[in-house]
1. Using the Kyte-Doolittle scale, find the helices of the chain whose mean hydropathy is at least -1.0 and whose Cα atoms extend 15 Å or more along the helix's long axis, counting only whole DSSP H runs.
2. Above 16 Å lies some portion of the pair distances; for region 53-96, what is it as a whole percent of all C-alpha pairs?
3. Please report, in debye to the nearest 20, how large the charge dipole of the chain is about its Cα centre when each Lys and Arg carries +1 at its beta carbon and each Asp and Glu carries -1 there.
4. Treat every Asp and Glu Cβ in region 110-198 as -1 and every Lys and Arg Cβ as +1, leave all other atoms uncharged, and give the resulting dipole magnitude about the Cα centre to the nearest 20 debye.
5. Rounded to two decimal places and with Rh computed the Kirkwood way over Cα pairs, what is Rg over Rh for region 107-180?
6. Please report the orientation-averaged projected area of the chain, defined via the convex hull of its C-alpha atoms, in nm².
7. Of all DSSP beta bridges located in region 132-198, what percent are antiparallel, nearest 5?
8. What is the antiparallel percent of DSSP beta bridges lying wholly in region 41-198, to the nearest 5?
Amino acid sequence: MTAQAGDTTSLSSRKARLRKELRQRRRALAGAARRRAAVQAAAHLARAIRSRGARHVAAYLGVAEELDTRPLLARLHALGCVLYVPKVGAAGELRFARWRPGAPLRHNRYGIAEPVALRHPARLDLIVLPLVAFDAGGARLGMGGGYYDRLLARTRATRRPLRVGYAFAAQEIRAVPVAAHDARLDAIVTERGFRRFR
């Protein structure tokens, strides 16, 4: 579902309602189920990364009710992947910075931990994306800031890394409302497995 010229307010309000509903759904998941899902999803994605020979991987440091990425980052580090995580620049642009377990972090203006040093990747094979909701067509609903959509738009002209959403299975919905600028996923990983969209 793509927005038409006159319904951007309607699209924005639909997205806002979905964000509220899906974030509540994530928060309602029990602690043991959350921990189990994080370990299972990490195993599924590590297997997919190994089979594809991806070496340079960007992920994110999970916050709040998001699927915990710590088990994933530990597995990828053990596999020998070169890891990168998001860092917001002074102008509000999202970049990826090199990260290793134990590297110093500081909280940005949104309260999200990010690397102190900024060392850009020479290349990326795969990007692990946070999301609030996804659908069977690969549409992704983010938090609403557009940071990842803008970052992914910049990668279109170069060798494009595989875009993989990372979420609880409970975050799948029938249809995510999308605008023309919204970036789609190539695949999704949940505690149930790895699924390719195209």
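Coordinate-derived values only; no laboratory data. Worth saying up front: this structure is predicted, and the values here are computed from it rather than measured. All Cβ positions, even for glycine, are placed from backbone atoms using ideal geometry, and neighbour counts span all protein chains on display.
1. What comes out of the filter, once short or polar helices are dropped, is 31-52.
2. Of all Cα-Cα pairs in region 53-96, 45 percent lie more than 16 Å apart.
3. Dipole about the Cα centre, nearest 20: 380 debye.
4. Approximately 420 debye in magnitude.
5. Radius of gyration over Kirkwood radius for region 107-180 works out to 0.98.
6. Reported value for the Cα convex hull: 11.2 nm².
7. Roughly 60 percent of the beta bridges in region 132-198 run antiparallel, per DSSP.
8. About 55 percent, rounded to the nearest 5.
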